[in-house]
Amino acid sequence: MIADLSFWIFSDYAVSTAIKLAVVMLIIPLTSLILVYVFLFKMMAFMQSRLGPMEAGPHGSLQLIAEALKFLQKEDIHPDNADKHVFALAPIIVLMSTFLLYVVLPVGPDLVVEDLDTGIFYAMAVSSLSALGVLMAGWASANKYALLGGLRAAGQLIAYELPLVLAVVGVVIQAETLSLQGIVHAQANWEIFGIGSGMPFIVTQGIGFAIFMVAAQAELTQTPFDMPVAETELVGGFHIEYTGFRFLLFFMAEFGTAFAFASIASVLFLGGWSLPFVDPTANWLNIVGPGVMLAKILFLSMIIFWVRFTYPRLREDQLQKFAWKLLIPAALANIVFTGVFKVAF
Amino acid sequence: MSELVRSYLVVALFGVAAVGMVAVMLGLARFLRPTRPTRQKLIAYESGVDPSGSEWVQSQVRYYVFAVLFVVFDVEAVFIFPWAIQLEDYGLFGLVEMGIFIAILALGLGYAWRKGVLRWA
């Protein structure tokens, strides 16, 4: 029995899984670090003619680490009337949803934690887990603002879940697979108008891409879709009662998920780690691929945050109207057109 | 273990790891942070005004119709994904069939629209 166990612990499977776990555990805080520094601190500051943080580290690059250390020292306040267990559990559920997203994201021909057959379907499923955490946080806080914020978040997340999922179907029709690696390979081998191979799906899925990005903006509750946290009316919404490190967990999950959504969009529409005119089985792509992917992710994140810092907040009824009367019919039409073209050509 | 079970075991491990990471960080914070609860600190923060009445107020859940519509379309998505993968093999037959399926759902959405339930009021 003991021999069996030690055999299992040192098996290739266990060792490789442990390495993958360690890498992802490092990457998730790192993604928040990159996005928060580059976009939230610096890009926003430059857009508003400020310098942004300059003190901690060169050009304030260590600011977020300083903030994390500050949050570690803050008191963890649980309000008297709060539903204690649910209150403590909510941020963990939200962060877990982010963690599970990273399981399927490919960054190179052999660089993926686990290339599940259900790939993109799985990613959509675990990303909606965060709605549950947000609703739990809003309810358990025992605060009227938090409750309103949580209910708003639930309404918003279900409304924008649909266009998000339906926009993906166009890509799946073209790629004929749900696996994210499969979708990258489909693009790396795809040619259109005699140009190729390696054209990204955005060439034919422009509408799907636009719908996906708008819906992702709403799923991430970034402005103009940030009514669940609206600081001017709900003073923070569902995370109003959270302090110290538990608040930081929400914050980390927000940016980790933004990074994950940008990578999903870059895999689906921009070709992921592959490059046009390059053989996708080449071994050197394992080294260059992550860089290619990161460039695409940062470009898409830039769009997300650019919109965030530019537009004012929508009203709740405008938000629902936009999803149900424009995005969902457009996504359905996109599916039909893609299907017709797939069968016709 | 089959390949399938193995790959989803990794998913389960990641879920456990997320909880573990949070537990370690919160445990670390426990040694660093002060714990000085006072009565004032533990009442709900509602912009500095003392909360009146129960915190779990009854409010109108306006989007229950949206929730019903959501279930309809989410189930649709479950049917569409397997179809989308196999479309090349089904050819025209699959296309027409899914066209009818989507048309029926679009009709439902159109009906809800016409009935005015998509108004947030």
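The values are calculated or read from the model by the stated rules, or taken from the named source; none is laboratory data. This structure is a prediction, so every number in the text was calculated from the model and none was measured. Just the protein is used for accessible areas: all its heavy atoms, side chains included, with ligands, DNA and RNA removed. Shrake-Rupley method; radii C 1.70, N 1.55, O 1.52, S 1.80 Å.
Suppose a student asked you for the relative contact order of region A:259-345, using Cα pairs under 8 Å spaced at least 6 residues apart; what percent would you report?
That works out to 27 percent.
Residues of region B:22-45 losing 40 Å² or more of accessible area relative to the isolated chain, 1.4 Å probe, heavy atoms only?
B:Val22, B:Met25, B:Leu26, B:Leu32, B:Arg33, B:Pro34, B:Lys41, B:Leu42, B:Tyr45
For a quick check of understanding: with a 1.4 angstrom probe and all protein chains in place, what accessible area in square angstrom does A:Ile65 have, to the nearest ten?
Here the accessible area works out near 80 Å².
What is the distance in Å between the Cα centres of region A:157-234 and region A:49-83?
32
Accessible area lost on pairing B with A, both sides, 1.4 Å probe, Å² to nearest 100?
Summed over both sides, the interface buries about 6600 Å².
Solvent-accessible area per residue for region B:3-121 at a 1.4 Å probe radius, Å²?
Accessible area per residue, region B:3-121: 65 Å².
Please work out, to two decimal places, the log10 of the ratio I(q)/I(0) at q = 0.15, 0.16 Å⁻¹ from a Debye calculation in which every Cα of region A:190-284 carries one identical scatterer.
Reported log10 I(q)/I(0), two decimals: -0.72, -0.77.
Heavy atoms only, 1.4 Å probe, whole protein assembly: order A:Lys321, A:Lys42 by accessible area, highest first.
A:Lys321, A:Lys42
Just tell me which lysines come within less than 26 Å, Cα to Cα, of A:Lys296; anything on the same chain fewer than 8 places away is out.
Partners within reach: A:Lys20, A:Lys42.
Roughly to the nearest percent, how much of the accessible area of region A:80-344 is carbon and sulfur, given a 1.4 Å probe?
68
Taking chain B as the reference, fit the longest principal axis to its C-alpha atoms, fit the long axis of helix B:3-32 to the helix C-alpha atoms, and give the angle between the two in degrees, 0 to 90, nearest 10.
Roughly 20 degrees between the two axes.
Starting at 0 and stepping by 10 Å, how many percent of the alpha carbon pairs of region A:37-107 end up in each bin?
All Cα pairs considered, the percentages come to 16, 25, 32, 25, 3.
Expressed as a whole percentage, what fraction of the accessible surface of chain B belongs to carbon and sulfur atoms when a 1.4 Å probe is rolled over the protein heavy atoms?
66
Based on the alpha carbons, how large is the Rg to Rh ratio for the protein assembly as shown when Rh follows Kirkwood?
Value, to two decimals: 0.98.
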